[in-house]
Amino acid sequence: MAYGSITQRGDKYRVCFDYGIDREGNRVRKYRTFDTKRDATRAFNEHKVKMDKGTQIMPSEYTFAQWLDYWYKDIILPQIEETTAYGYRGMIENYLKPQLGEIRLQKLTARDIQQYYTWLMGEKELSPNTVIKHHNLLTNTLNAAERQEYITKNPMRAVSPPKKRQREAKFYTPEQLGILLDKAVGTRLELPVFICAYLGLRRGELCGLRWSDVDLEHQTITIENTRTQAGKKEIEKGTKTASSTRTLYLPDTLCDMLKAAREHQQACRAEYKNAYDDNDYVVVMEDGRPFRPNYLSELFGKFLADNDLPKIVLHELRHTFASLSNQAGIPAYNIGKALGHSTPATTQKIYTHLLDQTHTQAVEGVAAIADEARRKAGKEYLLQLAKALIDEIRMWDPMKFGDCNEYTEEIQSIGGRLEPHTDAAALGSMLYETFRASFGTRSFRCTPEECVAVAERVFEKVQK
């Protein structure tokens, strides 16, 4: 194996580092000049060790732009969905190449990348969440460069991405939704708006819905297809995840609306004849053509503006569905199942602020118990309980004496045994046993149930 050589030139030492044959069959040599023979020898020996260990990276003039093209076409493109590929290509062509593309791949540093993030969030005004997408792409592509030995050290290990911001989902109140639904009736947005609001579908699921997925007889609808866009190209594919494929119940309102929509499509098919786009999609235009997903969103936004309704995007009708489900007392697990989430954690993460009502109820419930326990632990509570007991015995007058003073001994006996944890059942038992012992079973004719009823009235007075 050739390693290179050291040559003295005047008072300097020139080292030739031989790296062997590159991928194109060319021998690669690099040269450096050192002031002393010792420095030259040390550098040459380090090169030899790396060559022997197989850890030396072949020097390359390969630019980062060239690497990005190779990585995109030959490594990542065969592995990803078309919509993901479209997003990657946009980041590469519009941001990465113009800003970092001319830098040699082996010279790209963590500082270059960190400054790139600053440029994205500053001059380009991209959100931290969007910049994180760039961070993930860079990590992916430079990991591949390291695996294929184009770089010795991945600079991404020293890069800090921006902190992700959890976007708070916007949604309509029941009153706002009612106005939207009322105004949508009779318009071309009626069916898509009602379906999204009543079933919480994603936009792609709505656009991919087919009549073969609808069972009006059994009032169910199966979600198993989506239609999305990558630029101007429309893409049909399966649902987002396995859990997104689901069957939902159709309420009567939607059943009636879908029946009317199917009849209307049949009428349009007869009217347009050969010009009608005969397909199986549910949400279509008058001539049968399915709505492009982006166009449907544009129509929705314009409809809201024209009707002075709060601005939301079509997908946020899905958030509205989650909010109303929560208000209806539906458990988060069941809400997630209806929405097609893979785990309850996904539902909780997306809709933390919507489902926070549950936390509020829990905290308020604990606070109420704690407050009540604290109140009962105080002397004032026992005094109130004793006073209510005296008042109730006076009204009860079990022995018909007509004078509460006749029961002083019994009241003192029971009052001395009252504790913060005493409940109606315990107090009722005290009343029964104490009066029976004082007046005998023949004179005291009240039943244990009657005594418990008296005790319950005592506690009602204290709670008021």
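Which value in Å does the Kirkwood hydrodynamic radius of the stretch 18-105 take, with 1/r averaged over all unlike C-alpha pairs and then inverted? Walk me through the numbers before you get to the answer.
Details: mean 1/r = 0.0623 Å⁻¹.
Taking every pair of different Cα atoms in the stretch 18-105, averaging 1/r and inverting gives 16.0 Å.
Pick out, in residue order, every one of the trypsin sites (Lys or Arg not before Pro) in the stretch 141-250 that is DSSP loop and has at most 14 other C-beta atoms within 10 Å; say none if there are none. Mind dumping the intermediate values first?
Values: sites: Arg147, Lys153, Arg157, Lys163, Lys164, Arg165, Arg167, Lys170, Lys183, Arg188, Arg202, Arg203, Arg210, Arg227, Lys232, Lys233, Lys237, Lys240, Arg246; in loops: Lys153, Lys163, Lys164, Arg165, Arg167, Lys170, Arg188, Arg202, Lys232, Lys240.
For trypsin sites (Lys or Arg not before Pro) across the stretch 141-250 that sit outside H, G, I, E and B with at most 14 neighbouring Cβ atoms in 10 Å, the list reads Lys153, Lys163, Lys164, Arg165, Arg167, Lys170, Lys232.
Within the stretch 150-240, report the GluC sites (Glu not before Pro) that DSSP leaves as loop and that have at most 13 other Cβ atoms within 10 Å. If you can, show how the numbers build up before the last one.
Numbers: sites: Glu168, Glu175, Glu190, Glu205, Glu217, Glu224, Glu234, Glu236; in loops: Glu168, Glu217, Glu224.
Here the GluC sites (Glu not before Pro) that fit, given the DSSP loop and packing criteria, are Glu168, Glu217.
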Checklist entry - To the nearest 500 deg cm²/dmol, what mean residue ellipticity at 222 nm is calculated for the chain from DSSP H runs of n ≥ 4 alone, each contributing -39,500 (n - 2.57), summed and divided by the residues? => result -17000 deg cm²/dmol
Item to check | Stretchable slack from Lys73 to Lys259, in nm (0.36 nm times residue separation minus alpha-carbon distance) | outcome: 62.3 nm
Checklist entry - Label-point separation (nm) for Val462 and Asp391, each offset 7 Å from Cα along Cα-to-Cβ? => result 1.3
Item to check | Neighbour-limited loop hits for trypsin sites (Lys or Arg not before Pro), the stretch 378-419 (at most 16 other Cβ within 10 Å; DSSP other than H, G, I, E, B) | outcome: Lys400, Arg417
Item to check | Calculated on alpha-carbon atoms, Rg and Dmax of the stretch 107-188 in Å | outcome: 21.1, 64
Next on the checklist: How tilted is helix 82-91 with respect to the longest principal axis of the chain? Cα atoms for both, answer in degrees (0 to 90, nearest 10).
Outcome noted: 70
Item to check | Alpha-carbon Debye profile of the stretch 64-120, log10 I(q)/I(0) at 0.12, 0.15, 0.18, 0.24 Å⁻¹ | outcome: -0.29, -0.46, -0.64, -1.00
Checklist entry - Three principal axis extents, largest first, for the C-alpha atoms of the stretch 105-251, in Å? => result 65, 34, 27
Next on the checklist: Can you tell me the length gained on complete extension of the stretch Thr245 to Tyr272, counting 0.36 nm per residue apart and subtracting the Cα distance?
Outcome noted: 6.3 nm
Item to check | Additional length obtainable on full extension of the chain from Phe439 to Thr173, 0.36 nm per residue less Cα span | outcome: 89.3 nm
Item to check | Reachable aspartates and glutamates from Lys97, criterion Cα separation under 20 angstrom, eight or more residues apart if same chain | outcome: Glu61, Asp69, Asp74, Asp112, Glu123, Glu125, Glu146
Checklist outcome for this item: Given (1) 1.01; (2) 0.98; (3) 1.27 as possible values of Rg/Rh (Cα atoms, Kirkwood Rh), the one from the coordinates is (3)
Checklist outcome for this item: Per-residue accessible area, 1.4 Å probe, largest first, puts Glu460, Glu146 in the order Glu460, Glu146
Item to check | Kirkwood-type radius of the stretch 116-162, with distances r between different C-alpha atoms, in Å | outcome: 11.3
Checklist entry - Which pairs break 32 Å Cα to Cα here: Lys273/Lys311; Lys153/Lys233; Lys240/Lys273; Lys164/Lys237; Lys12/Lys107? => result Lys273/Lys311; Lys153/Lys233; Lys240/Lys273
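Once you keep just the Cα pairs under 8 angstrom separated by 6 or more residues, what percentage relative contact order results for the stretch 1-119? Present the calculation step by step, with values, prior to reporting the outcome.
On the way: 121 pairs, mean separation 23.3, N = 119.
Relative contact order for the stretch 1-119 comes out at 20 percent.
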Next on the checklist: Report the number of Lys pairs in the stretch 370-464 whose alpha-carbons are under 22 Å apart, with separation of 8 or more residues or on distinct chains.
Outcome noted: 9
Next on the checklist: Report the Cα centroid-to-centroid distance between the stretch 249-267 and the stretch 412-449 in angstrom, as an integer.
Outcome noted: 68
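How long are the semi-axes of the equivalent ellipsoid of the stretch 258-299, taking √(5λ) for every eigenvalue λ of the Cα gyration tensor, in whole Å from largest down? Don't skip to the answer; put the middle values down first.
Details: eigenvalues 69, 30, 12 Å².
Each semi-axis is √(5λ); the values are 19, 12, 8 Å.
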Checklist entry - If you line up the long axis of helix 252-272 against the longest principal axis of the chain, both from Cα atoms, how many degrees apart are they, to the nearest 10? => result 40
Item to check | Helix 316-327 axis, angle to the chain major axis (alpha carbon atoms, nearest 10°) | outcome: 30
Checklist entry - Got the relative contact order for the chain handy, in percent, Cα pairs under 8 Å and 6 or more residues apart? => result 9
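The values are calculated or read from the model by the stated rules, or taken from the named source; none is laboratory data. Note that the structure is predicted; figures quoted are calculated from it, not measured. Virtual Cβ from ideal backbone geometry, glycine too; neighbours counted across all protein chains shown. Ligands, DNA and RNA are stripped out before the accessible areas are found, and what is left, the full protein with its side chains, is counted by its heavy atoms. Shrake-Rupley method; radii C 1.70, N 1.55, O 1.52, S 1.80 Å.
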